[in-house]
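Structure first, commentary second.
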Amino acid sequence: MTASAVDHGAGTLPAVYRHSLLVRLTHWINVLCLTLLLMSGLQIFNAHSALYWGEASDFAKPILAITARDKDGSHFGATEVLGHTFDTTGVLGLSGPPDNRQERAFPAWITLPGYQDLATGRRWHFFFAWMLVINGIVYLTSGFLRGHFWRDLLPSRKQFRHIGRSIVEHLRLRFPRGEEAKHYNVLQKLSYLIVVFVVLPLLIIAGLTMSPGIDAAFPWLTGVFGGRQSARTVHFLAAFTLVAFVAVHVLMVLISGLWNNMRSMITGYYTIKPAGDTHGG
């Protein structure tokens, strides 16, 4: 990281060049791809809104099912998880205002396209899935060639020894300042490594396993997951693990200094607050 300075109202604060141009470009391409993949993926899920384990669908015992049901003369949205049913009317299963309910697992505003169209949803999903893969290959290749992963993302022994303190500081919403802020902390490093090398590869491989073309070329893939329906379930769970990571990531960006974090991902420069400075931003 190279040092610089950024105007901060009353004066300047030291800054480091945290993100290279390629890292910033691949980051924003990922944002686009993952957003559209989620929306088109929910469109595909809506076509058969249940998950199972194994090779075939077990309609009587789904792991997850989101449907509209009738009970005691009333129509309601039902989300069933491992045999337990919850009324999710207005959000899942039966969404929209009371005078215009729609029977959809996920509501129209979060699917791509907004109307029910499996074929179009698949086209969007496959296009941006391959864009995500290509973008990931570019990022990984650059990261390995530049030593980005072991230099910036591999936690040190010292960081591992203080992981408990880092957890407590995050829970108390206290973020690194001074010299510590020049580097990712141990929780950031571990979460990024898990997402890059575990969650995303699992998501992609499970998705490819459901493709007839890939299945014909590599029939052993379904066996690795324990069946086509298992692969679909793993793909869904990995996707929502990624959604949870993004939600926490965005929350941390907001509360640790929105402008500073956004500027670093747009210009590359991240300002460093003095260790004794307790002001936000």
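The values are calculated or read from the model by the stated rules, or taken from the named source; none is laboratory data. These numbers were taken from a predicted model, which means no experiment stands behind them. Ideal geometry is used to build each Cβ from the backbone, glycine not excepted, and the neighbour counts take in all protein chains shown.
Summary table
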item	result
Subset of the stretch 246-276 (residues that are touching a residue at least 60 places away in the same chain (Cβ under 8 Å) and in contact with a strand residue (DSSP E or B) (Cβ under 6 Å, 6 or more places away or on another chain))	Ser264, Gly268, Tyr269, Tyr270, Thr271, Ile272
Residue count, the stretch 65-77 (criterion: outside any strand (DSSP E or B) and either small (Gly, Ala, Ser) or in contact with a helix residue (DSSP H, G or I) (Cβ under 9 Å, 6 or more places away or on another chain) (or both))	1
Those helices (runs of 4 or more DSSP H) lying entirely in the stretch 140-222 with at least 3 residues at pLDDT 85 or above and closer than 22 Å to Val31 by Cα	186-194, 200-209
Positions within the stretch 160-179 being over 25 Å from the mean Cα position of the chain (by Cα) and surrounded by 13 or more Cβ atoms within 10 Å (Cβ to Cβ), in sequence order	His162, Arg177, Gly178
Residue within the stretch 223-236 that is assigned to a helix (DSSP H, G or I), at pLDDT 90 or above and among the aromatic types (Phe, Trp, Tyr) present	yes
Residue match in the stretch 9-28 (condition: closer than 22 Å to Thr209 by Cα and polar (S, T, N, Q))	no
First in the stretch 156-179 and under 19 Å from Val248 (Cα atoms), second anywhere and aromatic (Phe, Trp, Tyr), Cβ under 9 Å, 6 or more apart	Glu169/Phe175
Lone unmet requirement of (1) in the same structural domain as Val195 (by TED's automatic domain parsing); (2) without any contact (Cβ under 8 Å) to a residue 24 or more places away in the chain; (3) farther than 30 Å from Leu153 by Cα for Ala60	(1)
Failed item, numbered, when Tyr115 is tested on (1) in the same structural domain as Thr67 (by TED's automatic domain parsing); (2) part of a loop (DSSP other than H, G, I, E, B)	(1)
Of residues in the stretch 109-139 being at pLDDT 95 or above and among the hydroxyl-bearing types (Ser, Thr, Tyr), the one farthest from Ser49 (Cα to Cα)	Thr120
Arg232 crowded, with 21+ Cβ neighbours inside 10 Å and either under 30 Å from Tyr52 (Cβ atoms) or in contact with a helix residue (DSSP H, G or I) (Cβ under 8 Å, 6 or more places away or on another chain) (or both)	yes
Contacts under 9 angstrom Cβ, first residue in the stretch 27-45 being farther than 21 Å from Ser264 by Cβ, partner in a helix (DSSP H, G or I) and among the β-branched types (Val, Ile, Thr), 6 or more apart	Leu38/Ile110; Leu38/Val243; Met39/Ile110; Ser40/Thr120; Leu42/Ile110; Gln43/Thr120
Residue match in the stretch 77-86 (condition: more than 23 Å from Gly227 (Cβ to Cβ) and out of contact with any Ser or Thr (no Cβ under 6 Å at 6 or more places or on another chain))	yes
Residues that are more than 18 Å from Thr111 (Cα to Cα), among the aliphatic types (A, V, I, L, M) and either over 23 Å from the mean Cα position of the chain (by Cα) or part of a loop (DSSP other than H, G, I, E, B) (or both), drawn from the stretch 78-93	Ala78, Leu82
